[in-house]
Amino acid sequence: MTRTRIEGLLAAFPKLMNTGKQHTFVETESVRYVYQPMEKLYMVLITTKNSNILEDLETLRLFSRVIPEYCRALEENEISEHCFDLIFAFDEIVALGYRENVNLAQIRTFTEMDSHEEKVFRAVRETQEREAKAEMRRKAKELQQARRDAERLGKKAPGFGGFGSSAVSGGTTAAMITETIIETEKPKVAPAPSSVHMKIEEKISLTCGRDGGLQNMELHGMIMLHISDEKFARIRLHVENEDKRGVQLQTHPNVDKKLFTAESQIGLKNPEKLFPINSDVGVLKWRLQTTEESFIPLTINCWPSESGNSCDVNIEYELQEESLELNDVVIMIPLPSGVGAPVIGEIDGEYRHDSRRNLLEWCLPVIDAKNKSGSLEFSIAGQPNDFFPVQVSFISKKNYCNIQVTKVTQVDGNSPVRFSTETTFLVDKYEIL
């Protein structure tokens, strides 16, 4: 349907209303308007005349129940203010003109789900901000140390002459030094990808039992090749696979499988053909599925114990795969509703209490071999079952299966080609049930 057609149908609706009678629908030659009054507004569903009106009425009721989820009052300005939230919720009810089999709780869950790409972007941005602040503090300490050393030796500290007389206090001087750093520090700009760029991405889906034991772990990985210059389109990728866990590899159908098996090189079956230009092409993918507990990259143990009307909860993590560096780790523990905030005892890292979602988020900027274990203790009213499932999210710039592209060469002459690589290891699902 065109926009003009939709606007025409909507414009005709008020003229068809008979205010003297109470009805739930009105028909024209081509369509049926199913409607429901909502104070000063109407919820209107436009259908074909051969549509099942009982189903349409049920769909209409679900639409009308969604409105109070986002709007405090049934007024036009309130609807306009939350129009995008409502559109996203409506999109979960009807897709391509057909009713989806969903209820209000499912709609709420689907619309509240975080965008994976947005989480990755936020995680990367927060990491960069932390690194910049840490570098700023380090330089401030260096300048302060230089000043102290100069004063101890009875010399004038280098670079301090422009700040005034020696009567300036140490605290003021330190503040002024820090301001200078903020003003002169240049942001680090990431180098632009080369003409041959590869994205190596892995996603893990893992489910563990609360009493121990890996129920299932599945990992999917892929190498995506992006070529932006046609003169580098006839190439071969030299792959190094150091995985010893039994990962299953699969090349793209257009890739020479014999060449990959014999020499661990990715090239086209017809060496005269070119790889696609200016598009991401998946050339190699791999899969690992296991129930072997030693393969779990990060173990989580949650121990709730009842204490009168409340529970004392101890939760700990341990990095089993010490070659990994996990960034922006968030361990999410569900909490009982309506019992207030938890009382935090000992904690490694930071925490956030999300009262709207009834979640305790245990936040750890980095987990690596130097910071491989940690614990959190808290107390709150509830039962042991209230604190499951525990969910985990993280991002890593090193992949789990050690599969890398070590070299890129031209098909003719094997001359090396400059390339860039971007590696990401992400969580699809990580639950302790």
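Relative contact order, whole percent, for the stretch 12-152 stands at 12, derived from Cα pairs under 8 Å and 6 or more residues apart. Working note: 222 nm ellipticity from helices only, DSSP H runs with n ≥ 4, each -39,500 (n - 2.57), summed and divided by the residues of the chain, gives -9000 deg cm²/dmol to the nearest 500. The string of couplings for the stretch 300-311 from the Karplus curve (6.51, -1.76, 1.60, θ = phi - 60°) is 10, 10, 10, 10, x, 10, 6, 9, x, 8, 10, 10 Hz, one whole number per residue in order, with x for Gly and Pro. The residues of the stretch 1-76 expose, per residue, 72 Å² of accessible area to a 1.4 Å probe.
Annotation: Cα Rg of the stretch 281-370 relative to the compact-globule expectation 2.2 N^0.38 Å equals 1.38. Taking each residue as 0.36 nm, the span from His353 to Arg72 lengthens on full extension beyond its C-alpha to C-alpha distance by 98.7 nm.
Distance between the pseudo-spin-label points of Gln215 and Thr24 (7 Å out from Cα toward the beta carbon): 4.0 nm. Under 5 Å between amide hydrogens, built in the peptide plane, is the criterion, and for Asn402 it picks out Glu242, Asp243 among residues at least 5 positions away or on other chains. When the charge dipole of the stretch 302-433 is built from unit charges on Cβ atoms (+1 for Lys and Arg, -1 for Asp and Glu) and taken about the Cα centre, the candidate among Ile367, Ile333, Val313 whose Cα reaches farthest toward its positive end is Ile367. The residues of the stretch 239-347 expose, per residue, 55 Å² of accessible area to a 1.4 Å probe.
Report, by chain and number, residues whose modeled amide H sits under 5 Å from the one on Cys311, excluding near sequence neighbours (fewer than 5 apart, same chain). Amide H to amide H, under 5 Å and 5 or more residues apart or across chains, Cys311 pairs with Ile380, Ala381, Gly382.
Return the FRET efficiency for the residue pair Lys141, Val120: r is the Cβ-Cβ distance, R0 is 30 Å, and the value is rounded to the nearest 0.05.
With R0 = 30 Å, the Cβ-Cβ based efficiency is 0.40.
For the chain, relative contact order (Cα pairs under 8 Å, six or more residues apart, normalised by length) works out to 14 percent. Estimated translational diffusion coefficient (Stokes-Einstein, Kirkwood radius over Cα pairs, 4 °C, 1.567 mPa s) of the stretch 17-107: 92 µm² per second.
With Cα extents along the principal axes in Å defined as stated, name the option among (i) 91, 51, 50; (ii) 62, 61, 40; (iii) 96, 71, 55 computed from the structure displayed. This structure yields the entry labelled (iii).
On the protein heavy atoms, probe 1.4 angstrom, tell me the percent of accessible surface of the stretch 2-152 carried by carbon and sulfur.
53 percent
Phi-derived couplings, Karplus 6.51 cos²θ - 1.76 cosθ + 1.60 at θ = phi - 60°, listed residue by residue for the stretch 29-41: 5, 10, 9, 10, 9, 9, 9, 8, x, 9, 6, 8, 10 Hz, with x used for Gly and Pro.
The values are calculated or read from the model by the stated rules, or taken from the named source; none is laboratory data. Computed from a predicted model, the values in this text were never measured in an experiment. Here the Cβ is made from the backbone with ideal geometry for all residues, glycine too, and neighbour counts use every protein chain on show. Calculation scope for accessible area: heavy atoms of the full protein, side chains included, ligands and nucleic acids excluded. Shrake-Rupley method; radii C 1.70, N 1.55, O 1.52, S 1.80 Å.
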